[in-house]
Every structure is written in structure tokens, then in C-alpha cells.
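Each value in this text was obtained by applying a stated rule to the coordinates, not by laboratory testing. Treat the numbers as computed from the prediction; the structure is a model and nothing was measured. Because the Cβ atoms are built from the backbone with ideal geometry, glycine has one as well, and the counts that use them run over all protein chains shown.
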Amino acid sequence: MELYLLGTGTCHPAPGRTPPCYYLNAGPERFIIDPGPGAVSRMVEAGVDPFDVEAILITHLHLDHCADLLPYLFTYKNCVEGPKRDVHILAPLEFRTAFAKLMDVFGQWVISDDYRIEIVEMSSDTWEAPGYAIRSLPMLHSANAVGFRVEKPGGPSFAYSGDSGYCQELLELAAGVDLLLAECSFPEDDAMEGHLSAGELAQVAVASGCKRLALTHMTPKVNPAKAVEAVRKGGYRGEVFAGHDGMRIKF
């Protein structure tokens, strides 16, 4: 697998760190994860095709994690030529209701007879397809927020916390995973409920036994080098690094 970190920031504006967006190449399957503001442009700049994917995964409905979904669909309908794949959206409970309200306003611009938009609501669920499986579990954040785990039989595994505080579900999601991508929103002296500090992330990494840990979703208050150091001081012995926009991770 190869993970593209296209946005490792938050809703807090920061130079060189844009809102969340990730692209997972699971060979041959590809996925978009949390299409935050500007996601389509960032994927094109990274040299990947945003519209040739198996599914779009959305962890929760805060706009920094999903605001580019409608621009994505608008571009797909109006700018992409040739045969089009159906659009599969894996999202939290109640997403279908929220999407229907958006379609009342914008539907004529994004709905087409050329493709179907299929919404799969997930909580503690598994979405299976030939060659891979995607599992979701509830996270400690906003209503219905989830994290995702992508696995291939006999192959690598990947887990993503979305936004979450420390919880048992996150430990289960990340158990023994080859790569855990986890938020590290705030420093220890400014922790916020529903988010992870580096110290809490160290506890997650140690307890879950994840093999590698990548930090993301960092506000301007976070010093990436100090966050990595705090994770190591917390007892984690696996590889840990702070993600940055444009980073690619093979595993």
C-alpha cells in the first residue's frame, strides 16, 4: 500500500498544512479518505486520478473533513469525460439524511444518469469487496464519528483514527496494524476532549501494538518534532513520524 498525505492540518489556517485529505493506493484498489477543502486539486497536484477510486471514506461531518465532497461530485459530472464509475461513499450514521438535504439545493449540479451515488452508512460495520475489507468503529468525537481500517487478505493493513480522543474502540481499530494514521491536534498543556495529544497517542500506540505511527491533523499549536519526541518518551518503540502535506508512505 501507499498512503498520500495531502492535507495534514485542521480547520485552523496554517502555512504549508492544509485541511485533511488522504489518498490510499492499496494496489489495485484506491480510496479517498476525508476529502477536506481543496481535496480534488491536491490529488491532481499529487499526480493521482481522484475519480478512479473504489470508494470515498468520510469519518465525520465536520467541514474540514468533508467540504470538498460536493465540488468533487460537481467536477465529476461536468468535467470528466468518458464512461464513469459509480460513486461509493462510506460515511457515518445519518449521513444519508444530511446528503439528501444537500441534494435539495445542489442535486441538479451533481446527480447524473451516467453514474450512481451509493451511500453506505457505517458504525461498527465491515464493507467487503473482492480483495479487501473496510472496517469501521465509533470514535470519541462528534456524533456518529468513526475511524476506518483497510485490510487485504495476506497483505498490509491500515487504520485511520479520524478525529478522536482516547477510547477502547481506537485501540481495537489499530490493533497490530501495519500503519496507524492518527490525529495529534493539540499539545499536552492544551489538550481538548475528543482529540488526542502526543502523550495520549503514545498510550494508543503502545496499547494497540501498531507497527508504524504517522501523526496528522496538527493545529499550529503543535510542534511536530516535540510531538514525535513525546510519543517516544511515552514508551512507543515502533517507527513514529510527523506527517506533512505531500508526504507519501509505503508499507
Reachable lysines from Lys152, criterion Cα separation under 30 angstrom, eight or more residues apart if same chain: Lys84, Lys211, Lys250
Gaussian network model of the chain, Cα springs within a sub-10 Å range: biggest mean-square fluctuation belongs to which of Pro83, Pro35, Pro92? Pro83
About its Cα centre, what dipole magnitude does segment 163-239 give when the only charges are +1 on Lys and Arg Cβ and -1 on Asp and Glu Cβ, stated in debye to the nearest 20? 400 debye
For segment 1-87, what does the relative contact order come out to in percent, with C-alpha contacts under 8 Å and a separation of six or more? 24 percent
Ranking of Glu81, Glu169, Glu45 by count of other Cβ atoms within 10 Å, fewest first: Glu81, Glu45, Glu169
For volume of the Cα convex hull per residue in Å³, the listed values are (1) 115; (2) 130; (3) 150; which was obtained by calculation from the structure presented? (1)
Of Ala175, Ala202, Ala143, the one that fluctuates the most in a GNM where the chain has Cα springs shorter than 10 Å: Ala143
Considering only C-alpha atoms, what is the centroid distance from segment 2-33 to segment 39-77, in Å? 10 Å
In the Gaussian network model of the chain, springs joining C-alpha atoms below 10 Å, which of Arg212, Arg237, Arg17 carries the largest mean-square fluctuation? Arg237
Sorted from fewest to most neighbouring beta carbons within 10 Å, what does the list Met139, Met43, Met192 look like? Met192, Met43, Met139
Neighbour-count ranking [beta-carbon atoms within 10 angstrom, fewest first] of Thr126, Thr8: Thr126, Thr8
Segment 197-247 to segment 119-135: how many Å between their Cα centroids? 27 Å
Over the chain, what is the relative contact order in percent, taking alpha-carbon pairs closer than 8 angstrom and at least six residues apart? 18 percent
What are the ³J(HN,Hα) values, in whole Hz, obtained from phi via the Karplus relation 6.51 cos²θ - 1.76 cosθ + 1.60 with θ = phi - 60°, for each residue of segment 167-172 in sequence order, with x given for Gly and Pro? 7, 5, 5, 5, 4, 5
Nothing charged except the Cβ atoms of Lys and Arg (+1) and of Asp and Glu (-1): what's the magnitude of the dipole of segment 2-250 about its Cα centre? Round to the nearest 20 debye. 560 debye
Let me make sure I get this right: for segment 175-251, a, b and c are the square roots of the gyration tensor eigenvalues over alpha carbons, sorted descending. Under 1.5 in a/c it's rounded, otherwise prolate if a/b > b/c, else oblate. Which is it? oblate
From DSSP H assignment alone, runs of 4+ in the chain each adding -39500 (n - 2.57), the sum over residues rounded to the nearest 500 puts [θ] at 222 nm at -7500 deg cm²/dmol
Taking segment 87-231 and dividing mean pair separation by its residue count, relative contact order in percent (alpha carbons under 8 Å, at least six apart): 17 percent
